[in-house]
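Participant: Encoded as structure tokens, here's the structure I'll be asking about.
Only the coordinates and a few stated rules stand behind these numbers; no lab work does. Note that the coordinates shown come from a computational prediction; the quantities given were computed from them, not determined experimentally. With ideal geometry, Cβ positions are generated from the backbone for all residues, glycine too; neighbour counts draw on all protein chains shown.
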Amino acid sequence: GAGVSQTPSNKVTEKGKYVELRCDPISGHTALYWYRQSLGQGPEFLIYFQGTGAADDSGLPNDRFFAVRPEGSVSTLKIQRTERGDSAVYLCASSPSGLETQYFGPGTRLLVL
Amino acid sequence: AQSVSQHNHHVILSEAASLELGCNYSYGGTVNLFWYVQYPGQHLQLLLKYFSGDPLVKGIKGFEAEFIKSKFSFNLRKPSVQWSDTAEYFCAVTRTSGTYKYIFGTGTRLKVLA
């Protein structure tokens, strides 16, 4: 079956702009995770969803970051007033429930100029 | 707060050499432990995991890891590496209850010379 997909694969934007990053999880997976990975670092937890609700959003760095999963499937990570420091690869992963193998997508590489 | 330390950032080995990558975590409660691997140009994928039971777990491609609770460690091993093991390896930890927030280490970049 299809794996986790993320769009766009690359996004270049200017400082101060708004961006949306999309994640399509594996069908039937109730848990969905967002991570941010900077060069030379491991994935940094941002938020995870169980179904439609955010079970833990403690990793969101500030109120410019927001994520939704309105129907319990596709999720969108939204970043307002982007800053150069937001440049990173944003990874999405899904799993059948919260405590099982995570299946990662290819990531969205965000560059803020 | 939970954290994961991977002490080796870059490792270079010749084919057939033995591999051990260190991973230590900080958390006083019960944890689940994972090793993920990212081959060049590919997604992160699970190599092996420990939930409970036998502390020596075996994963794909001949990898194994040993959970030593007293040392808060979960080191990854392989007796004889191959060129195709060239990749970046990440250790991760999560609690067994409450939030299933995963904490990843900074990764170890392994290069195997043919």
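Participant: Sticking to Cα atoms, compute the Rg of segment A:9-87 to one decimal and its Dmax as the biggest Cα-Cα distance, whole number, in Å.
Facilitator: Looking at segment A:9-87, its Cα Rg and Dmax stand at 12.7, 37 Å.
Participant: Mean separation of Cα pairs under 8 Å and 6+ residues apart, divided by the residue count of segment B:1-45: what relative contact order is that in percent? Walk me through the intermediate numbers first.
Facilitator: Details: 30 pairs, mean separation 17.1, N = 45.
After rounding, I find 38 percent.
Participant: Translational diffusion coefficient, Stokes-Einstein: compute it for the protein assembly as shown using the Kirkwood radius over C-alpha pairs as Rh, at 37 °C and 0.692 mPa s, and state it as an integer in µm² s⁻¹. Please report the intermediate quantities before stating the final value.
Facilitator: Details: Rh = 18.1 Å.
Answer from the Stokes-Einstein relation: 181 µm²/s.
Participant: Tell me the relative contact order for segment B:17-75 as a rounded percent, counting alpha carbon contacts under 8 Å between residues six or more apart. Provide the component values of the computation, followed by the final result.
Facilitator: Values: 80 pairs, mean separation 19.5, N = 59.
Worked out over segment B:17-75, it gives 33 percent.
Participant: Here is a follow-up. So for chain A, averaging the separation of alpha carbon pairs under 8 Å that are six or more residues apart and normalising by length, what relative contact order in percent results?
Facilitator: Working: 293 pairs, mean separation 41.4, N = 113.
The normalised contact order for chain A reaches 37 percent.
Participant: While we're on this one: Distance between the C-alpha centers of segment A:1-56 and segment B:1-16? Whole Å please.
Facilitator: Spelled out, the Cα-based centre of one part sits 26 Å from the other.
Participant: So what are the radius of gyration and Dmax for the Cα set of segment B:51-114, in Å?
Facilitator: 13.6, 45
Participant: Now, a different point. Could you give the alpha-carbon Rg of chain B over 2.2 N^0.38 Å, rounded to two decimals?
Facilitator: Working: Rg = 13.6 Å, N = 114, 2.2 N^0.38 = 13.3 Å.
After normalising by residue count via 2.2 N^0.38 Å, the value is 1.02.
Participant: What FRET efficiency would be calculated for the residue pair A:Thr13, B:Asp54, taking the C-beta separation as r and a Förster radius of 45 Å, to the nearest 0.05? Could the numbers behind the result be given before it?
Facilitator: Numbers: r = 49 Å, r/R0 = 1.08.
The formula returns an efficiency of 0.40 here.
Participant: Run the dipole for chain B about the Cα centre, Lys and Arg Cβ at +1, Asp and Glu Cβ at -1, nothing else charged, and hand back the magnitude in debye, nearest 20. Could the numbers behind the result be given before it?
Facilitator: Working: 11 positive and 7 negative charges, 50 e Å.
It comes to approximately 240 debye.
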